[in-house]
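For reference, the structure is listed below as structure tokens.
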Amino acid sequence: MTARRTLPVSLAIGGALVALMTAAALLSLVWTPHPFAAIDVANRFQGPSADHWLGTDQLGRDLVSQLMAGARTSVAIAFVAVVLGGSIGTALGLFASAVGGIVEDAVMRLADFSFAFPALLFAIMLAAVFGPSLTNAIVAIAFINIPVFARVSRAAANQVWTREFTLASQVAGRGGFAITVDHILPNIAAPVIVQATIEFAVAILAEAALSYLGLGVQPPAASWGRMLSEAQTLLYLAPQLAIYPGLCIVAAVLGFNLLGDGLRDITDPRLSRRP
Amino acid sequence: MVLFLAKRTVGLLATLLAVSVVVFLVMNVLPGDPVLVILGIDSTPDAQAALREQLGLNAPLADRYVSWIAGVVQGDFGTSHSFGVPVAGLIAERLPLTLALALSATLLTVILALALGVLAGSNHRKPGDWGVMTLSQLGIAIPAFWLSMLLVLLFAVKLRWLPPGGFPGWGDPAAAARALVLPTVALALVQAAVLARVTRSSMLEVLRLDFTRTALATGLSRGRVLWRHVLPNALVPVVTIVGMQFANVVTGTIVIENVFYLPGLGRLIFQAISNRDLLTVQALVLLFAAIVVTANFVVDILYVLIDPRLRGRLA
Amino acid sequence: MNSSTAIAGSLLGALLLTAFPAWSKTAIVIGMQQEPTTLDPTSDATASIDGMLTHNVFEALTSVTEQGEVVPSLARSWTVSDDGLTYTFDLEQGVTFHDGTSFDAADVKFSFDRAMGADSVNPSKSIFEPIASVTVVDPATVELKLSRPDAFLLFNLAQGDASIVAPESVELAKTAPIGTGPFRYDSWTRGDRLTLARYPEHRNAADVQLEKVTFQFIADPAAASAALLSETLDAYPGFPAPEMMAQFEADDRFAVEIGSTEGEVIMAMNNAKAPFDDVRVRRAISHALDRTAIIDGAMYGQATPIGSFYPPHGKAYVDLTGMYPHDVARAKELLAEAGVAAGTVMTLRVPPFPYATRSAEIIQAQLAAAGLDVKVENVEWGFWLEEIYKNLNYDMTIIAHTSPNDMGNFARGKSYFYGYDNPEFTALWDQIKTEADPEKRDALLKQGQEFLASEAVHGFLFQLPKLGVVRKELSGFWKSSPVLFQPLAQVKWNG
């Protein structure tokens, strides 16, 4: 099976979508067509025009600007939550794999347990305890990422531990921590990064769902999920408001999923299973 | 096999016990006093104190946990603070709707996924395959609540074929079924997208195996080989995924029931959390966790039963 | 394909026609937004319990008209002693509860003692606070002794909290209530509907046209709207979405009625906390608020602005909306005077009600224009009750006060969530609540409104509207709600 060196289509499309979204998010920090939170009730529910490219929402805010600012929220939350949850989860997985025995069992049982507890319920309760906010949305999403990364990194690490060079290090008397840093970590980077890309997509979906339920970022910060929940009561009056934010979510999630698939194809041809 | 079952059962019970402790603690340290929710903001402090006593909220936390869990073990979930009726009755009243929704969504998932998966798998690298894969990528990326809104927009707002939400009760089965169409579709499409991919790759794997080639070589028609030989063998991973997806669908009803205002368990749990109806929330979270854990348990057992190689390894 | 669809369509139409014969005109289906969890108005504050049951299933000694006037109900008449401390009620005779047991003075004493007792869980226990004793004079006469005069007693006794229940059946009140009203409780399918049936033994049963009343719970405005348009619902007296009124106004099957309620919507400020303990800051914020824009944006124009804490439809109303005209420059000036720097961060914690969440976004922008950095936090109702209401842990919030005669909130001292304590107002309120002469009381109420406005205790926003969508053939629905209940005895199908 020779690895094909051509760039997978999924990688190209995914990369483009992710780049587009990140660019919009970054650009929104310095420029949006209108101030995204500027309210102008007299000009609510406008259709597309030269001034408002996609029109305005129920408070007369410019939709393009809102969507750009929403991209910023999505990217920021997904990034922080995945990095946070991913680091903790990977550390746990590596630790479990290095120590083995009862500890490994315990960590994995804990991971099983957190799968049994519906993530959404966890987030709702978290919001009920601390009030909804950006931070709590991040914590909730990071939390659901921990067991995922713990599993992936442990499985990958267990494989590396059986390889000759780790065994050699062990024989040479090196400690578990040193081996983990020197040998295990670099060798499990690929699957962890692939997983992270896919978890990015999950995190964007989760942020949208939380904001949709009113548990995510609070106004005036923009969020695609919240835009949708506000649009829902206006379905009869202004159906277009329910379309654009959803398209953005789909594009972003699709982008990260395709990018993840593509990366997996490149880094691990065995996993891609393309006969 | 017996040992395996025993080990898994102990694990299942331990998980549920842990869930019960967590949900009890979370609910009881939540800010938000059930008494105030019931009596409102114009009530007097002594009326609040009287109700607190009546609801038994003055006992120490540990005592309350023990008496709650002792009741649960005997099948007594207690009486709901806010509804004033037994929690078990509340759940029994709403379970049929959630179950009907989850089962119909799972069924639709399987039908769609098998059809699409077989179509893609048997047309590998042809337009059919490409189309199904694109659709499934899209399906995975669509948030279920947005899909619900789009369905409402099209079928309820524009075409007025189906109701946008609400549930007329089981008294009129036709109306009840109509009310469940959109929620079922919204739940199933996303899951079907995942399952179709699994079916496809499983099909492709079986297609590469020797017996398939042999069967084709003996002159059997391609369709016959597909349905009689390839599909049954490709179903092993599919079945296990379906088990997990059933769990996903059940928790998915929490959001979908709220989008469509369906009076099932998912809506009840939302309502109970905001009413601080402690016993109801505790019972429901336990129930949802039990469904998820049991589904995983059944999947594990199916895995062993279907795949003899695994059975040998576990013995 | 087209022809087969057409055939299927006409078949379906024929089926529907046979399934629903000619209009019987004695049944009605009413949409409700909120489903209660129990049905006892004397132990649960949920407004929809009163909305469905009070003065329909349950009755009280007195009742209230749409104009807010007190009228007889179970009490045929009453006399009040000159010192205003003794009320003697002459009760209707021959009245029976829906389970057939008879009603007499002992039931009144039972109901009131239950509401006043040490273990009472009545959500409005405070309305019984002035009552010192309840005495059964004879089966048709009951006497209340008060410890102080109470101007609102007769009005308060009409509320669902003062419903007359019987000792024989009170245990059922939460799930299968039994009262003396013109309708008896019939069934309740949780999550879907509650039905009432006409009670033929009621003293006014001959005037009641409706045989069957169905309340259907539809919280989603889109679903409610669809149900009205498809004629599944006959009326939705408290429609939740002001933005949808236009489509019903354009539809000649419906009468759209926009009335008033007792709900004053305020942007409450925590007066116990700096900088809101400074009247200049509160005035600055009042100047920064633009009520017209808030009402346009959040309520689609369907609400009346208020300048103080009293409903515009009330007899003693004074229009004080001009006291703090929208003036950003003045707001900034006052803030500077009070030493509040531009960019000061404040939180606005908002409960999950559409009027509140929608207003919050606009207020956030308006206060930003005056140089305040307002963080909006949408919180859950349980969280709101705990953190804002109980612990006073907030800067600003938005809430509707839906009880009638609730100006006394401002006399509840520092521990009430306003954090407002002003001996001058407390003295004024003591006078108001014990003043028996209606005209003098109205004059005092006007004084109260002016006092609260000049103190700018809160940002006074608007009166919550009652948005009613009712089939044109129906009459007897209240346009406005001076109370939480809606009597259905006089609702009729015409033509």
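The values are calculated or read from the model by the stated rules, or taken from the named source; none is laboratory data. Predicted model, so just to flag it, every value in this text is computed and none were measured. Ideal geometry is used to build each Cβ from the backbone, glycine not excepted, and the neighbour counts take in all protein chains shown. Side chains included, ligands, DNA and RNA excluded: accessible areas come from the protein's heavy atoms. Shrake-Rupley method; radii C 1.70, N 1.55, O 1.52, S 1.80 Å.
Equivalent-ellipsoid semi-axes (√(5λ), Cα gyration tensor) for the range C:398-495, whole Å, largest first?
Its equivalent ellipsoid spans semi-axes of 35, 17, 11 Å.
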Indicate the gyration tensor shape class of the range C:262-464 (rounded, prolate or oblate), computed on the Cα atoms with a ≥ b ≥ c the square roots of the eigenvalues: a/c under 1.5 is rounded; otherwise a/b larger than b/c is prolate and the rest oblate.
-> rounded
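Take the alpha carbon gyration tensor of the range C:60-167, find the square roots of its eigenvalues, order them as a ≥ b ≥ c, and report rounded if a/c is under 1.5; if not, report prolate when a/b exceeds b/c, else oblate. Mind dumping the intermediate values first?
Values: a/c = 1.29, a/b = 1.17, b/c = 1.10.
Rounded.
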Where in the range C:106-141 does the amide nitrogen come within less than 20 Å of the point 7 Å from the Cα of C:Ser77, taken along Cα to Cβ?
-> C:137-141
Residues A:Val83 and C:Val345, FRET efficiency given R0 of 25 Å [Cβ-Cβ distance, rounded to 0.05] | 0.35
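Counting helices only, and only those DSSP H runs with n ≥ 4, report the 222 nm mean residue ellipticity of chain B as the sum of -39,500 (n - 2.57) divided by its residues, in deg cm²/dmol to the nearest 500.
Numbers: 14 runs with 240 residues, N = 315.
Only helices count here, giving -25500 deg cm²/dmol.
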Once all protein chains are kept in place, C:Glu435 shows an accessible area at probe 1.4 Å, nearest 10 Å², of 50 Å²
What is the Cα centroid distance between the range A:184-233 and the range A:51-73, reported in whole angstrom?
-> 19 Å
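When you look at the Cβ of every residue in A:250-260, what mean number of other chain Cβ atoms sits within 10 Å? Could the numbers behind the result be given before it?
Numbers: counts 9, 1, 1, 6, 6, 1, 1, 4, 2, 0, 0.
For peptide A:250-260, the averaged partner shielding equals 3.
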Of all alpha-carbon pairs in the range A:65-269, indicate the percentage at a distance above 22 angstrom.
-> 55 percent
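Can you sort B:His229, C:His401 by 1.4 Å-probe accessible area, starting with the largest?
Numbers: B:His229 65, C:His401 5 Å².
So, going from the largest accessible area down, we get B:His229, C:His401.
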Of the convex hull drawn through the C-alpha atoms of the range C:192-271, the volume per residue in Å³ is 186 Å³
Calculate the length of the line joining the C-alpha centroid of the range B:50-73 to that of the range C:365-442, in whole Å.
-> 34 Å
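From largest accessible area down, sort C:Asp104, C:Asp50; use a 1.4 Å probe on the protein chains. Could the numbers behind the result be given before it?
On the way: C:Asp104 50, C:Asp50 10 Å².
The ordering from most to least exposed comes out as C:Asp104, C:Asp50.
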Which links in C:Lys332/C:Lys446; C:Lys390/C:Lys433; C:Lys125/C:Lys174; C:Lys332/C:Lys390; C:Lys109/C:Lys390 stretch past 22 Å when you go from one Cα to the other?
-> C:Lys332/C:Lys446; C:Lys390/C:Lys433; C:Lys332/C:Lys390; C:Lys109/C:Lys390
Nearest 10, in degrees from 0 to 90: the angle of helix A:9-30 to the longest Cα principal axis of chain A is 60 degrees
Show the residues, 5+ positions off or on another chain, whose built amide H is closer than 5 Å to the amide H of C:Ser480.
-> C:Ser260
Using only Cα atoms, tell me the angle between helix A:119-130 and the longest principal axis of chain A; keep it within 0 to 90° and round to the nearest 10.
-> 70 degrees
Cα-only Debye scattering, the protein assembly as shown: base-10 log of I(q)/I(0) at q = 0.05, 0.06, 0.08, 0.09 Å⁻¹ = -0.37, -0.53, -0.92, -1.14
Can you list the HN-Hα couplings for the range A:228-239, worked out from phi with the Karplus curve (6.51, -1.76, 1.60; θ = phi - 60°), rounded to whole Hz and with x for Gly and Pro?
-> 5, 5, 5, 5, 4, 6, 10, 3, 6, 8, 9, x
The aspartates and glutamates whose Cα lies under 14 Å from the Cα of C:Lys466, excluding any fewer than 8 residues away in the same chain, are C:Glu66, C:Glu243, C:Glu257, C:Glu262, C:Glu264
In whole Å, largest first, what are the principal axis extents of the Cα atoms in the range B:92-314?
-> 65, 48, 31
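Note the per residue figure in Å³ for the convex hull of the C-alpha positions in the range B:75-148.
Details: hull volume 9.3 nm³, N = 74.
Convex hull volume per residue, Cα atoms: 126 Å³.
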Calculate the radius of gyration of the Cα atoms of the range C:272-344 to one decimal place, then report Dmax, the largest Cα-Cα distance, as a whole number, both in Å.
-> 14.1, 42
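Return the Rg/Rh value of chain C, two decimal places, where both radii are evaluated on C-alpha atoms and Rh is the Kirkwood radius.
Values: Rg = 24.5 Å, Rh = 24.5 Å.
Computed over Cα atoms, the ratio is 1.00.
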B:Val85's amide H: which non-local residues (gap 5+, or another chain) put their own amide H closer than 5 Å, with H modeled 1.01 Å from N in plane and none for Pro or chain starts?
-> B:Ser80
Could you give me the ³J(HN,Hα) list for the range C:271-278, computed from phi with Karplus coefficients 6.51, -1.76, 1.60 and θ = phi - 60°, whole Hz, x at Gly and Pro?
-> 5, 7, 10, 5, x, 6, 7, 9
Tilt relative to chain A, helix A:101-116 - C-alpha long axis, 0 to 90 degrees, to 10 = 20 degrees
Under 16 Å from the Cα of C:Lys273 - aspartates and glutamates, other chains or at least 8 residues apart = C:Glu387, C:Asp395, C:Asp421, C:Glu455
Which helices of chain B meet both criteria: a Cα extent of 30 Å or more along the helical axis and a mean Kyte-Doolittle score no lower than 1.6, with helices taken as whole DSSP H segments?
-> B:2-29, B:87-122, B:278-306
How long are the semi-axes of the ellipsoid equivalent to the range A:178-240, from square roots of 5 times the Cα gyration tensor eigenvalues, in whole Å, largest first?
-> 40, 12, 7
Starting from the Cα of C:Lys492, draw a straight line to each of the lysines and keep only those under 18 Å, dropping any in the same chain fewer than 8 residues away.
-> C:Lys25, C:Lys212, C:Lys472, C:Lys479
Restricting to the protein assembly as shown, compute how many DSSP beta bridges are antiparallel as a %, nearest 5.
-> 75 percent
How large is the charge dipole for the protein assembly as shown, taken about the Cα centre, if only the Cβ atoms of Lys, Arg (+1) and Asp, Glu (-1) carry charge, to the nearest 20 debye?
-> 5900 debye
Expressed in angstrom and rounded, the centroid-to-centroid distance over alpha carbons for the range C:136-171 and the range C:233-269 is 33 Å
Rounded to the nearest 10 Å², the 1.4 Å probe accessible area of A:Val64 is 20 Å²
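What helices in chain C pass both tests, a Cα length along the helix axis of 24 Å or more and a mean Kyte hydropathy of 0.0 or higher, using whole DSSP H runs?
The qualifying helices are C:2-19.
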Length-normalised contact order of chain C, Cα under 8 Å, at least 6 apart, in percent, tallies to 21 percent
Determine ³J(HN,Hα), in whole Hz, for all residues of the range C:143-160 in sequence, where each value follows from phi through the Karplus function 6.51 cos²θ - 1.76 cosθ + 1.60 and θ = phi - 60°; x replaces Gly and Pro.
-> 10, 10, 9, 9, 8, 7, x, 9, 5, 9, 4, 5, 5, 5, 5, 7, 6, x
